[in-house]
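**Student:** Let me give you the structure first, and then I'll get to my questions.
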Amino acid sequence: MTVLDGLVGTGSRLVVEEPERFRVHRDSMMSPEILAEEHAKIFEHNWLYVGHESEIANPGDYVRRRVGGRPVFMVRGAKSGKVNVFHNSCTHRGAVVCRQDRGNAKVFQCFYHAWTFDSEGTLSGVPDREAYGGTLDWEGLALRSVARVESYRGFVFCCYDPEVVGLVEYLAGAKDYLDLIIDAAPADMEIVRGTNEYGMDANWKLLVENSIDGYHAVSTHDTYFKYLVALGTDLSVGVTGTAHDLGNGHAVLEYEAPWGRPVAKWEPLFGEDAKASVDGLRAGLVERFGEERAHRMADLNRNMLIYPNLIVNDIMALTVRTFVPTAPDHMEVTAWEMAPREEQPDVRQRRLDSFLTFLGPGGFATPDDIEALESCQQGFTSGGVEWNDISRGMTREPRANDEAQMRAFWRRWRADMDRVDRTVNP
Ligand code: FES
Ligand SMILES: [Fe+2]
């Protein structure tokens, strides 16, 4: 008998919490049935990140995305100026209507039989319309909007469940951290054009855990730390800080930056010439927000999970990352770099250098992390060991390099997976 036989409540069977011990069963990372259940219970009912408003600044701008495994596209309506998120499926006989990753369009013409839709989703053209003798339901055949679409400070989310709570209520404590990160920009934030896209042979929840795991940095990313030390960075502070459960499965770890931050902590890597301008950015933050908040913005790193699959890393650069499982042991990752609009070219350059050096798919960190996560996934297939242990820090006030933040995720996962009113095949 396995842990999945003969019991109800998948969540509670796979996530077991005792006063001093927290365990997650490895079936949660390997089973196709669990993945199907996650789609039905998690990705269908929670707010999911679609993109950032700055990616579709002008009327008719659009981006194509896979959100929770489903093809959708986000377009700025030419008449309303509104952000629309549509199911990417023609209302005629189903073809994908938006076939480019990004662009600007007055109309979207389906390539199959050439029905056309405008940027508000309205059906605007049907070839040989006389064939319907005036009975075609033009309104009913508009593109179908995703059930709920809301944005918070430029971050656009959608939800396939019309009954979901409002986005701000859903974000809970994560909202304050988004505010802190976004307020640090002198104007608005924008997504720097271009994406990183890559895949890895690991369960998507391993990347959730890894993204808010400060504990692995010193061992896994040893090469990067040696590189920084060789260039004169003082890493003696280590990863000291705190972790917070932000509610609804969201979590953050916040810690003293052991490396430079383009906004606004200088390090030798940036060069002597950059010192004055970085100090200037910092003085600007102090003026706008006072010492304490400016200190958090300038000197502290944040790795935040917005449940279930959005990561905002405010570390040596600011990245936004989302991922979607395509199999129990495979996920696809998309990542963007975020930066203040109209940033000085030299500051932008330092930011992009920091981003590529550490966080990009060819940087110092991401290949290490992929290796670690794929290694876990391979280790699971060996069998013999049923449970992962996620108890670190349970018996003390948890620190940034403990595992309280992962437990916050897993508790919400358990609650979602325990729900009986969401069937796998509705
Ligand atoms: S499927 Fe789109 S026009 Fe026929
Ligand atoms: Fe890492």
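**Student:** Kindly establish whether Asp222 is surrounded by fewer than 18 Cβ atoms within 10 Å (Cβ to Cβ), more than 16 Å from ligand 1 (Cβ to nearest atom) and either closer than 19 Å to Gly360 by Cβ or among the β-branched types (Val, Ile, Thr) (or both).
**Tutor:** Yes, satisfied.
**Student:** Could you say whether any residue in the stretch 175-193 is modelled with pLDDT under 95 and over 30 Å from Val286 (Cβ atoms)?
**Tutor:** Yes: one or more hits.
**Student:** Would you please name the residue that is most open to solvent (accessible area, probe 1.4 Å), looking only at residues in the stretch 99-143 that are assigned to a loop (DSSP other than H, G, I, E, B), closer than 30 Å to Gly194 by Cβ and within 10 Å of ligand 1 (Cβ to nearest atom)?
**Tutor:** Phe111
**Student:** State whether the residues of the stretch 304-313 include one that is assigned by the TED database to the domain that holds Asn196 and over 17 Å from the mean Cα position of the chain (by Cα).
**Tutor:** The answer is no, given that none of the residues of the stretch 304-313 is assigned by the TED database to the domain that holds Asn196 and over 17 Å from the mean Cα position of the chain (by Cα).
**Student:** Does Thr242 qualify as being away from ligand 1 (no atom under 16 Å from the Cβ) and assigned to a helix (DSSP H, G or I)?
**Tutor:** no
Let's see how each residue does on (1) within 16 Å of ligand 2 (Cβ to nearest atom); (2) free of Cβ contacts under 8 Å to residues at least 60 places away in the same chain; (3) not hydroxyl-bearing (Ser, Thr, Tyr):
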{"site": "Phe157", "(1), (2), (3)": "no, no, yes"}
{"site": "Leu171", "(1), (2), (3)": "no, no, yes"}
{"site": "Glu190", "(1), (2), (3)": "no, no, yes"}
{"site": "Gly214", "(1), (2), (3)": "yes, no, yes"}
{"site": "Val218", "(1), (2), (3)": "yes, yes, yes"}
{"site": "Thr240", "(1), (2), (3)": "no, no, no"}
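**Student:** Here's a follow-up. Residues that are surrounded by fewer than 19 Cβ atoms within 10 Å (Cβ to Cβ), at least 2 per element: which strands (runs of 3 or more DSSP E) completely within the stretch 305-368 meet that?
**Tutor:** 318-327, 330-340
**Student:** Does the stretch 61-70 contain any residue that is in a strand (DSSP E or B), hydrophobic (A, V, I, L, M, F, W, C) and within 29 Å of Asp188 (Cβ to Cβ)?
**Tutor:** yes
**Student:** Within the stretch 71-83, track down each residue that is open to solvent by less than 10 Å² (accessible area, probe 1.4 Å) and either in a loop (DSSP other than H, G, I, E, B) or more than 16 Å from ligand 1 (Cβ to nearest atom) (or both).
**Tutor:** Hits for the stretch 71-83 are Val72, Met74, Val75, Gly77.
**Student:** Answer yes or no as to whether Glu17 is outside any helix (DSSP H, G or I), open to solvent by 20 Å² or more (accessible area, probe 1.4 Å) and modelled with pLDDT of 95 or more.
**Tutor:** The answer is yes for Glu17.
**Student:** Does Glu150 satisfy being more than 30 Å from Asp183 (Cα to Cα) and open to solvent by 10 Å² or more (accessible area, probe 1.4 Å)?
**Tutor:** no
The values are calculated or read from the model by the stated rules, or taken from the named source; none is laboratory data. Being a predicted model, the structure only gives us computed values, none of them experimental. Cβ atoms come from the backbone with ideal geometry, glycine included; neighbour counts cover every protein chain shown. Side chains included, ligands, DNA and RNA excluded: accessible areas come from the protein's heavy atoms. Shrake-Rupley method; radii C 1.70, N 1.55, O 1.52, S 1.80 Å.
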